[in-house]
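Engineer: Have a look at this one before I ask anything.
The values are calculated or read from the model by the stated rules, or taken from the named source; none is laboratory data. Computed from a predicted model, the values in this text were never measured in an experiment. Note: ideal-geometry Cβ built from the backbone for every residue, glycine included; neighbour counts use all protein chains shown.
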Amino acid sequence: MQQDIVFSFFLIFSGALVLATLALYTRQPVLIAYIALGALIGPFGFGLIEHPESVADMADIGILFLLFLLGLDMQPSALFAVVRKALPVALASSAVFFLAGFGLPVVFGFTLQDGIIIGLAMMFSSTIIGLKLLPTTVLHHKHMGELMIGLLLLQDMLAILVLILLGVMEGNGTMPVWQPFAALPLIAAACYLIVKGALLPLITRFDRFQEYLFILAIGWCLAVAEAAKLVGLTHEIGAFIAGVTLATSPIAQYIAISLKPLRDFFLVMFFFALGAQFNLQLLSDVALPAIVLAIVVLGLKPLAFRVLLGRFSERRELAWDVGFRLGQISEFSLLIAFVATESSLLSEQGALLIQATAILTFVVSSYIVVFNYPNPIAVSERLRRD
């Protein structure tokens, strides 16, 4: 049955209300309620929403706003310092996670090519999970928040490189491998000049008109996101650059507060779409390797970040905190699985293994953070930080 967008929104947000209420009463993370709702009423559940692709496309906007708001909380000088410090940790941890992700599938009978793609998908941590559970007002201006953002940005750049290499392996790569890395400083410099020369004077002149500032912020975020996509980066990196370059504005915090409800609206759809796209009927085919791989990811990632960050003079408590917050695989992993499957570089079972591992690690790592570390959706008053 074909539904219009209003009916789809009714199902998503009414269902989210019911399951989120149940989750809060039973002291569970609300993110799990949104994912469970997608699995229940999506095409592989009761089929009430047969085509979640349009919802997933809209949900991507929530990720852009999330990265934009994070950028608004970071000064450029602090960002450059933390990226330099995080670079060796990001490279070393990615190598460790690749080896683990490559070896286990091969042991379970997957081909070497599947093992390579799965290993690549295991290298990254979820920007959405990690930053959604990071308190905005408490940690973004602290060293831990800056360190996490630096690690995630470097992982995003590595993910872009992987996606480009997959295009080259398929034979359809039209973009040089070096282009995104050359484009990044150029687009950042251009955005800085535009903010200084045009946006800040406009903000100063029309700062009494709240609706205008709201539109300016959204327009700037989406414009830079689209520009980044055109030069070979991702929408998410573009949105983050838009936020960082606007962080020097005197009303950066006002813009951040204004956009939070809009961000949360789209993020509900993101987690719903994640659950809706998971094929429960084929789960038995990869259940055992997915469970084993998820256990390895959930145990190895916190330990690896603890050891690597400890070697660079980070406190043990901070290193464990960062490690558990980044103890899952990424939405980029799902994108890698999709691109590799479309290019016939990854089998259907391999793609399903990545999807199942993503869901399992998203769920379990969310539980770990929600019940043990400060976050905006903690069920404990002691840990709840907005």
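Engineer: Looking only at the stretch 319-335, which residues are at pLDDT 85 or above and not basic (Lys, Arg)? Full working, then the answer.
Structural biologist: Kept after step one, since they are at pLDDT 85 or above, are these residues of the stretch 319-335: 319-330, 333.
Answer for the stretch 319-335, where residues must be at pLDDT 85 or above and not basic (Lys, Arg): Ala319, Trp320, Asp321, Val322, Gly323, Phe324, Leu326, Gly327, Gln328, Ile329, Ser330, Ser333.
Engineer: Return the total of residues in the stretch 199-233 being more than 19 Å from Gly71 (Cα to Cα), of a type outside the set (Asp, Glu) and free of Cβ contacts under 8 Å to residues at least 60 places away in the same chain. Give the derivation first.
Structural biologist: Residues of the stretch 199-233 more than 19 Å from Gly71 (Cα to Cα): 201-202, 204-212, 230-232.
Going one step further and asking which of them are of a type outside the set (Asp, Glu), we end up with 201-202, 204-206, 208-210, 212, 230-232.
Narrowing further to those that are free of Cβ contacts under 8 Å to residues at least 60 places away in the same chain: 201-202, 204-206, 208-210, 212, 230-231.
Within the stretch 199-233, residues that are more than 19 Å from Gly71 (Cα to Cα), of a type outside the set (Asp, Glu) and free of Cβ contacts under 8 Å to residues at least 60 places away in the same chain number 11.
Engineer: Looking only at residues that are out of contact with any Phe, Trp or Tyr (no Cβ under 8 Å at 6 or more places or on another chain) and at pLDDT 85 or above in the stretch 16-41, which one is surrounded by the most Cβ atoms within 10 Å (Cβ to Cβ)?
Structural biologist: Ala33
Engineer: Moving on. Just wondering, is there one or more residues in the stretch 283-304 that are modelled with pLDDT under 90 and not aliphatic (A, V, I, L, M)?
Structural biologist: Taking the stretch 283-304 as the starting set, the residues that turn out to be modelled with pLDDT under 90 are 283-287.
Next, only the ones that are not aliphatic (A, V, I, L, M) stay: 284-285.
Within the stretch 283-304, one or more residues are modelled with pLDDT under 90 and not aliphatic (A, V, I, L, M).
Engineer: Quick one: Ser258 ticks every box in (1) more than 21 Å from Val162 (Cβ to Cβ); (2) surrounded by fewer than 22 Cβ atoms within 10 Å (Cβ to Cβ); (3) within 20 Å of the chain's Cα centre (by Cα) bar one, so which box is it?
Structural biologist: (3)
Engineer: Give the stretch 42-57 a look and list any residue that's assigned to a helix (DSSP H, G or I) and in contact with a helix residue (DSSP H, G or I) (Cβ under 7 Å, 6 or more places away or on another chain), or say none.
Structural biologist: Looking only at the stretch 42-57, we keep the residues that are assigned to a helix (DSSP H, G or I), and these are 53-57.
The answer is Val55, Ala56.
Engineer: Restricted to the stretch 78-113, and to residues that are polar (S, T, N, Q) and either closer than 11 Å to Leu151 by Cα or in a helix (DSSP H, G or I) (or both), which residue is farthest from the chain's Cα centre (by Cα)? Walk me through how you get there before you give the answer.
Structural biologist: Taking the stretch 78-113 and keeping what is polar (S, T, N, Q), we get 93-94, 111, 113.
Keeping just the survivors that are either closer than 11 Å to Leu151 by Cα or in a helix (DSSP H, G or I) (or both) gives 93-94, 113.
Working: Ser93: 18, Ser94: 16, Gln113: 26 Å.
For the stretch 78-113, the residue satisfying everything is Gln113.
Engineer: Out of Ala198, Ala189, Ala182, Ala159, I need the residue that is modelled with pLDDT of 80 or more, farther than 27 Å from Asp73 by Cβ and either under 25 Å from the mean Cα position of the chain (by Cα) or not in a loop (DSSP other than H, G, I, E, B) (or both). Which one? Lay out the reasoning, then the answer.
Structural biologist: On the way: Ala198 fails: farther than 27 Å from Asp73 by Cβ; Ala189 fails: farther than 27 Å from Asp73 by Cβ; Ala159 fails: farther than 27 Å from Asp73 by Cβ.
Sole residue among the options that is modelled with pLDDT of 80 or more, farther than 27 Å from Asp73 by Cβ and either under 25 Å from the mean Cα position of the chain (by Cα) or not in a loop (DSSP other than H, G, I, E, B) (or both): Ala182.
Engineer: In the list Gly323, Gly275, Gly327, which residue meets the criterion of being of a type in the set (Gly, Ala, Ser), in contact (Cβ under 8 Å) with a residue 12 or more places away in the chain and assigned to a loop (DSSP other than H, G, I, E, B)? Outline the logic, then answer.
Structural biologist: On the way: Gly323 fails: assigned to a loop (DSSP other than H, G, I, E, B); Gly275 fails: assigned to a loop (DSSP other than H, G, I, E, B).
Answer to the check: Gly327.
Engineer: Right, here's the next one. Find the residue count for the stretch 72-130, including only residues that are modelled with pLDDT of 85 or more, under 19 Å from Gly327 (Cα atoms) and of a type in the set (A, V, I, L, M, F, W, C).
Structural biologist: So the count comes out to 19.
Engineer: May I ask you to say which residue of Ala23, Ala33, Ala39 is closer than 24 Å to Ser333 by Cα, free of Cβ contacts under 8 Å to residues at least 60 places away in the same chain, among the small types (Gly, Ala, Ser) and in a helix (DSSP H, G or I)? Spell out the reasoning first.
Structural biologist: On the way: Ala23 fails: closer than 24 Å to Ser333 by Cα; Ala39 fails: free of Cβ contacts under 8 Å to residues at least 60 places away in the same chain.
Answer to the selection: Ala33.
Engineer: Has the stretch 123-132 got at least one residue that is in contact with a Gly (Cβ under 6 Å, 6 or more places away or on another chain) and either in contact (Cβ under 8 Å) with a residue 24 or more places away in the chain or not in a helix (DSSP H, G or I) (or both)?
Structural biologist: Looking only at the stretch 123-132, we keep the residues that are in contact with a Gly (Cβ under 6 Å, 6 or more places away or on another chain), and these are none.
No.
Engineer: How many residues does the stretch 280-320 contain that are over 30 Å from Gly47 (Cβ atoms) and either free of Cβ contacts under 8 Å to residues at least 24 places away in the same chain or part of a helix (DSSP H, G or I) (or both)?
Structural biologist: First, pick out the residues of the stretch 280-320 that are over 30 Å from Gly47 (Cβ atoms): 292, 295-320.
With either free of Cβ contacts under 8 Å to residues at least 24 places away in the same chain or part of a helix (DSSP H, G or I) (or both) added as a condition, the list becomes 292, 295-311, 313, 315-320.
Qualifying residue count, the stretch 280-320: 25.
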